[in-house]
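Student: There's a structure below that I have some questions on.
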Amino acid sequence: MNQTMRALVKAKPEPGIWMKEMPVPEIGTDDVLIRINTTAICGTDLHIWKWDEWAQKTIPVPLITGHEFAGEIVAMGSAVEDLKIGQRCSGEGHLIGKHSRQSRAGKFHLDPETRGIGVNEPGAFAEYLRLPAFNVVPLPDDIDDDIGSILDPLGNAVHTALSFDLIGEDVLVTGAGPIGIMAAAVARYAGARHVVITDINGDRLELAARVADVRPVNPSEECLSDVIAELGLKQGFDVGLEMSGSQNAMDQMIEAMVMGGRIALLGIPPGKSPVDWSRIVFKAITIKGVYGREIFETWYKMIAMLQNGLDVRNVITHHLPASQFETGFHEMNDGSSGKVVLDWRG
Ligand code: ZN
């Protein structure tokens, strides 16, 4: 094996990201070495690329970035059981501790000591990735590497969408980024009656309609109350999935919910955001914050759904060789692309 590899590195504390030759990671007794086939660019990676306030206070420099990946196991530590060389896999990018009450109770996604690959620890935008064997998620043959590389954000979508019972419910998704679009597709798959998705970006609404059977709405052109009337909903939406972090979207969602409605929040507002709490109290609305994916229940559910007909492939709008990463980041930054996959083979 080569001793060095190509990797996308946050090499300097300034905007940008750079392709560098880096040492192939060494693995410990409980780790595997994964040869990366495909990776996908996340909003998180864009923050790191732009070097915004969050990135400046979070990201150590230098750092190999990236956390959405699919690949194949090429080496294993001596204590690793149940896995094989050659196993295709993706994996959970949150490296959890074993000491907190939440971890000890098996609620791994709630462990406060979690460290993220590509954020706190070396990431997946590279030809090789070291990962604890515990975090490996084997990929069945019918899930290819492109889909494998977007299981992390699909997991966010699935975790958010399955926060509440969706069978027969009318669902409003605010924010038609890739995760919002996939959450809408999951809601439809899981038995929702009407799924409406809002965004102020027309390209994203078009993409949403290509991926899922949803009613796209641009709230700057169309009023949600008209859509509620058009669909014949008596009061409004039963379940809300807030994926945008926009204060306007949150206000519109609260307004459009039924009495006793339930809202899951994945979108992150840029800072403190005023909320009309009295509306929430008087409507008796339940609000749930969502972080990451349930480890490994969400992984199990999403793989089972993909094998049983959930189709989110069209959310991938670009498949580029890793050498063209700059094009990929610019496409993502434009705000009109879906998922951008970078291919590390060859
Ligand atoms: Zn991500």
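The values are calculated or read from the model by the stated rules, or taken from the named source; none is laboratory data. Keep in mind it's a predicted model, so treat the numbers as computed, not measured. Neighbour counts are summed over all protein chains in view; Cβ atoms, including those assigned to glycine, are modelled from backbone coordinates with ideal geometry. For the accessible areas, the whole protein counts, side chains as well, though only heavy atoms, and no ligand, DNA or RNA atoms are used. Shrake-Rupley method; radii C 1.70, N 1.55, O 1.52, S 1.80 Å.
Student: Within the group G335, G328, G309, which residue is in contact with a His (Cβ under 7 Å, 6 or more places away or on another chain) and either farther than 25 Å from D213 by Cα or surrounded by fewer than 21 Cβ atoms within 10 Å (Cβ to Cβ) (or both)?
Tutor: G328
Student: Which ones in region 215-250 are within 17 Å of G267 (Cβ to Cβ) and either charged (D, E, K, R) or within 21 Å of the chain's Cα centre (by Cα) (or both)?
Tutor: V239, G240, L241, E242, M243, S244, G245, S246, Q247, A249, M250
Student: Right, something else. Can you report the number of residues in region 104-122 which are touching a helix residue (DSSP H, G or I) at 6+ places or on another chain (Cβ under 9 Å) and buried (at least 19 other Cβ atoms within 10 Å of the Cβ)?
Tutor: Residues in region 104-122 being touching a helix residue (DSSP H, G or I) at 6+ places or on another chain (Cβ under 9 Å) and buried (at least 19 other Cβ atoms within 10 Å of the Cβ): 7 in total.
Student: Would you say R101 is touching a residue at least 12 places away in the same chain (Cβ under 8 Å), farther than 14 Å from I17 by Cβ, of a type in the set (K, R) and away from the ligand (no atom under 16 Å from the Cβ)?
Tutor: The answer is no for R101.
Student: Which of (1) touching a residue at least 40 places away in the same chain (Cβ under 8 Å); (2) open to solvent by 20 Å² or more (accessible area, probe 1.4 Å); (3) in a loop (DSSP other than H, G, I, E, B) is the odd one out, the single condition L166 does not satisfy?
Tutor: The single condition L166 does not satisfy is (2).
Student: Could you list, in sequence order, all residues of region 126-161 that are more than 14 Å from the ligand (Cβ to nearest atom) and either at pLDDT below 95 or part of a helix (DSSP H, G or I) (or both)?
Tutor: A133, F134, N135, D145, D146, I147, A161
Student: Further question on the same structure: Residue under question is L205, and the condition is that it be over 18 Å from E230 (Cα atoms) and away from the ligand (no atom under 16 Å from the Cβ); does it hold?
Tutor: yes
Student: Answer yes or no: is there a residue in region 144-159 that is buried (at least 21 other Cβ atoms within 10 Å of the Cβ) and over 17 Å from the mean Cα position of the chain (by Cα).
Tutor: For region 144-159, residues buried (at least 21 other Cβ atoms within 10 Å of the Cβ) and over 17 Å from the mean Cα position of the chain (by Cα): absent.
Student: Where in region 11-98 are the strands (runs of 3 or more DSSP E), entirely inside, with at least 1 residues that are crowded, with 16+ Cβ neighbours inside 10 Å, in contact (Cβ under 8 Å) with a residue 40 or more places away in the chain and within 14 Å of the ligand (Cβ to nearest atom)?
Tutor: Output list reads 31-40, 68-76, 88-91.
Student: Of everything in region 277-328, what is in contact with a strand residue (DSSP E or B) (Cβ under 6 Å, 6 or more places away or on another chain), of a type in the set (K, R) and part of a loop (DSSP other than H, G, I, E, B)? Give them in sequence order.
Tutor: Residue satisfying the conditions is K283 alone.
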